[in-house]
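> The structure that follows is given in the form of structure tokens.
Just so you know, all these numbers are worked out from the coordinates, no wet-lab data involved. This is a predicted model, so every value here is computed, not measured. Note that each Cβ is placed from the backbone with ideal geometry, even for glycine, and that neighbours are counted across all protein chains shown.
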Amino acid sequence: MVTLEEAQRILNAHVKQTEGTKECSLSEALGRRIGEDLAARTDQPPFPRSPLDGYAVRAGDIRGACAQNPAVLNVAGELPAGVPAVQSLGPGQAVRIMTGAPIPEGTDAVIRQEDTDYGEEKVQIYRSVKPCENICFQGEDYRAGTHIIRNGERMDAVNIALAAGMGYERVRVRKKPAVAVLTTGSELQEPGRPLRPGAVYDSNRYLVEARLREWGITPFYAGRIEDDAGKAAGCLARISKEADLIITTGGVSVGKMDIMHDVIERLGAERLFWRVKLKPGSPAMASVYEGAVIISLSGNPFGAAAGMELLVRPALYHMTGDSALAPVRQQAVMENGFPKKSGSRRFVRAVWASGMVRVPEGSHSSGSLSSMKGCNCLIDIPAGNEGLCKGDSVWIILL
Ligand code: AMP
Ligand code: MG
């Protein structure tokens with residue numbers, strides 16, 4: 001038996017850090033971590049432009065203008081967005097300019113059209129402007145050459161838009177680890193058909209796959225295998241060639257049909273540990289086969305769920321360096337009690353909000369999942385605890 005921290009250290013020492021990048025389209029990069037620095041290829045905006053519809057003017061030409069004494073300028077033309085500013089303006093001239101159009105040479109400010117008579121050949125201007133007023137300067141967002149996105153950052157909507165604004169159509173993203181999922185148990189049945197006598201629906205497959213997806217990993221499902229060590233060993237031998245990490249559930253306890261021990265022996269895999277000093281999911285096992293690390297979790301739905309958080313997530317964090325997977329451990333105050341004694345270290349599902357943590361009603365057995373609905377943390381209860389009371393300070397791990 002190892003402690004949780006020992007188990008985590010052993011896993012970290014054996015999992016491979018995922019290396020390499022691949023190219024993909026900007027849309028495909030959403031949610032992924034970028035594998036390169038992205039520098040601006042041009043200034044943004046690339047040219048000085050107007051932030052509003054109005055007239056580009058020389059501020060000096062309309063000094064002192066007001067409604068009673070408007071300045072009058074000749075309108076030399078019109079500049080919509082998307083065309084180059086070819087004209088250069090002389091004194092006494094203005095250009096009708098639209099939002100996003102480049103500021104023409106010779107002008108140094110823009111007057112809002114609402115402060116004019118909207119004139120087409122001549123325009124009356126009812127207000128003065130300061131030089132540079134109403135001009136977006138070239139590079140005011142960022143300058144060419146600036147590293148706007150750094151290697152390793154997550155490509156969220158804003159980063160995707162920034163990359164597009166810098167002209168990137170394709171980017172390099174970091175590769176993700178190849179993670180396989182295998183569920184074992186002769187009683188398991190795929191949802192969708194009425195249960196045969198003695199069977200239960202396989203919920204672990206969906207729990208493990210869904211949690212991996214929530215962590216940004218696309219798992220491949222290797223299948224569901226009955227309690228047959230030969231078949232399970234055959235399956236693991238096949239998938240270990242493609243997988244960096246294999247997660248199995250079921251068959252790790254001490255019963256006659258707990259096949260994973262036999263499976264490891266048949267494969268000649270190296271067992272890293274078996275049984276972790278915690279509840280639930282204490283029979284968890286880890287092994288290495290052909291470079292793939294196999295984490296075998298208890299089949300009990302809450303045991304498997306806790307194993308995903310306590311063993312798989314830290315291992316994936318170590319493999320990817322993805323800060324989103326970094327375990328978050330913090331203190332909280334009990335909002336209600338949890339009277340159960342904990343002989344060994346126990347993790348209890350709970351709901352954390354604003355520093356307070358509440359243990360939900362319902363069954364807390366490792367085979368029950370429904371009380372985990374809405375839970376966002378595990379309370380880490382040390383071995384030998386006599387029960388938690390309202391107001392107790394506890395450590396929690398956020399999910
Ligand atoms: P095991 O870890 O194989 O001893 O299984 C412990 C309990 O979890 C048993 O009641 C199993 O029927 C149940 N169980 C095992 N695997 C799954 C699964 N994939 N989905 C739902 N329940 C499971
Ligand atoms: Mg079983």
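> Sort THR21, THR249, THR116, THR184 so the one with the fewest other Cβ atoms within 10 Å of its own Cβ comes first.
THR21, THR116, THR184, THR249
> Something else: Could you tell me the calculated FRET efficiency between LYS241 and GLN17, based on Cβ-Cβ distance and R0 = 30 angstrom, to the nearest 0.05?
On the way: r = 19 Å, r/R0 = 0.64.
My answer for the efficiency is 0.95.
> Within a Cβ distance under 15 Å of ASP43, other residues only, what is the Lys/Arg minus Asp/Glu net charge?
Details: positive: ARG41, ARG49, ARG143; negative: GLU140, ASP141.
Overall, the nearby charge balance is +1.
> With a Förster radius of 25 Å, plug the Cβ-Cβ distance of ALA199 and LEU398 into 1/(1 + (r/R0)^6) and report the FRET value to the nearest 0.05. Kindly include the intermediate steps, with their values, before the conclusion.
Numbers: r = 35 Å, r/R0 = 1.39.
Here the calculated transfer efficiency is 0.10.
> I would also like to ask the following. Got the relative contact order for the range 202-264 handy, in percent, Cα pairs under 8 Å and 6 or more residues apart?
28
> Compute the Cα gyration tensor for the range 174-259, then decide on rounded, prolate or oblate, letting a ≥ b ≥ c be the square roots of its eigenvalues: rounded whenever a/c is under 1.5, prolate when a/b is larger than b/c in the other cases, and oblate in all that remain. Walk me through the intermediate numbers first.
Working: a/c = 2.28, a/b = 1.38, b/c = 1.66.
Oblate, because a/c is 1.5 or more while a/b does not exceed b/c.
> Could the peptides 153-159, 291-297, 36-42 be put in order, highest first, of the mean number of other beta-carbon atoms found within 10 Å of their residues?
Values: 153-159: 14.6, 291-297: 23.9, 36-42: 16.4.
In descending order of packing, they fall as 291-297, 36-42, 153-159.
> Per-residue counts of other Cβ atoms within 10 Å, averaged by peptide: what ranking do you get for 142-148, 91-97, 170-176, highest first? Intermediate values should be presented prior to the final figure.
Working: 142-148: 14.1, 91-97: 21.1, 170-176: 17.9.
The peptides rank, most packed first, as 91-97, 170-176, 142-148.
> Once you keep just the Cα pairs under 8 angstrom separated by 6 or more residues, what percentage relative contact order results for the chain? If you can, show how the numbers build up before the last one.
Working: 921 pairs, mean separation 63.4, N = 399.
So the answer I get is 16 percent.
> To make sure I understand, if each residue's beta carbon is the centre and we count other beta carbons within 10 Å, what order do TRP274, TRP395 fall in, fewest to most? Walk me through the numbers before you get to the answer.
Working: TRP274 20, TRP395 15.
Least to most surrounded, the residues fall as TRP395, TRP274.
> Same structure again: For the chain, set up a Gaussian network in which alpha carbons nearer than 10 Å are linked by springs, and say which option among VAL181, VAL15, VAL333 fluctuates the most.
Answer for the Gaussian network model of the chain: VAL333.
> Considering only Cα-Cα distances, which of the following residue pairs are longer than 18 Å: LYS22/LYS176; LYS16/LYS175; LYS176/LYS231; LYS16/LYS277; LYS256/LYS279; LYS256/LYS277? Intermediate values should be presented prior to the final figure.
On the way: LYS22/LYS176 10 Å; LYS16/LYS175 13 Å; LYS176/LYS231 28 Å; LYS16/LYS277 25 Å; LYS256/LYS279 22 Å; LYS256/LYS277 22 Å.
Pairs exceeding the cut-off: LYS176/LYS231; LYS16/LYS277; LYS256/LYS279; LYS256/LYS277.
> Using the number of other C-beta atoms within 10 angstrom as an exposure proxy, rank MET319, MET257, MET166 with the fewest first. Walk me through the intermediate numbers first.
On the way: MET319 23, MET257 15, MET166 18.
By the 10 Å Cβ count, ascending: MET257, MET166, MET319.
> A further question follows. I want to verify a result. In a Gaussian network model of the chain, Cα cutoff 10 Å, which of these has the top mean-square fluctuation: GLY299, GLY139, GLY64?
In the Gaussian network model the winner is GLY64.
> Relative contact order for the range 328-398: what is it in percent, counting Cα pairs under 8 Å that are at least 6 residues apart? Kindly include the intermediate steps, with their values, before the conclusion.
Working: 163 pairs, mean separation 34.5, N = 71.
That works out to 49 percent.
> Enter the angle in degrees (range 0 to 90, nearest 10) between the Cα long axis of helix 229-239 and the first principal axis of the Cα atoms of the chain, meaning the one along which they spread out most.
Its long axis makes an angle of about 20 degrees.
> Out of the trypsin sites (Lys or Arg not before Pro) in the range 207-253, which ones are loop residues according to DSSP with at most 12 other C-beta atoms within 10 Å? Present the calculation step by step, with values, prior to reporting the outcome.
On the way: sites: ARG211, ARG213, ARG224, LYS231, ARG238, LYS241; in loops: LYS241.
Passing sites in the range 207-253 are LYS241.
> Among the aspartates and glutamates, which have Cα under 18 Å from the Cα of LYS340 when same-chain residues fewer than 8 positions away are ignored?
GLU361, ASP380, GLU386, ASP392
> Now for a separate question. Above 31 Å lies some portion of the pair distances; for the chain, what is it as a whole percent of all C-alpha pairs?
Numbers: 44825 of 79401 pairs.
Result: 56 percent of Cα pairs exceed 31 Å.
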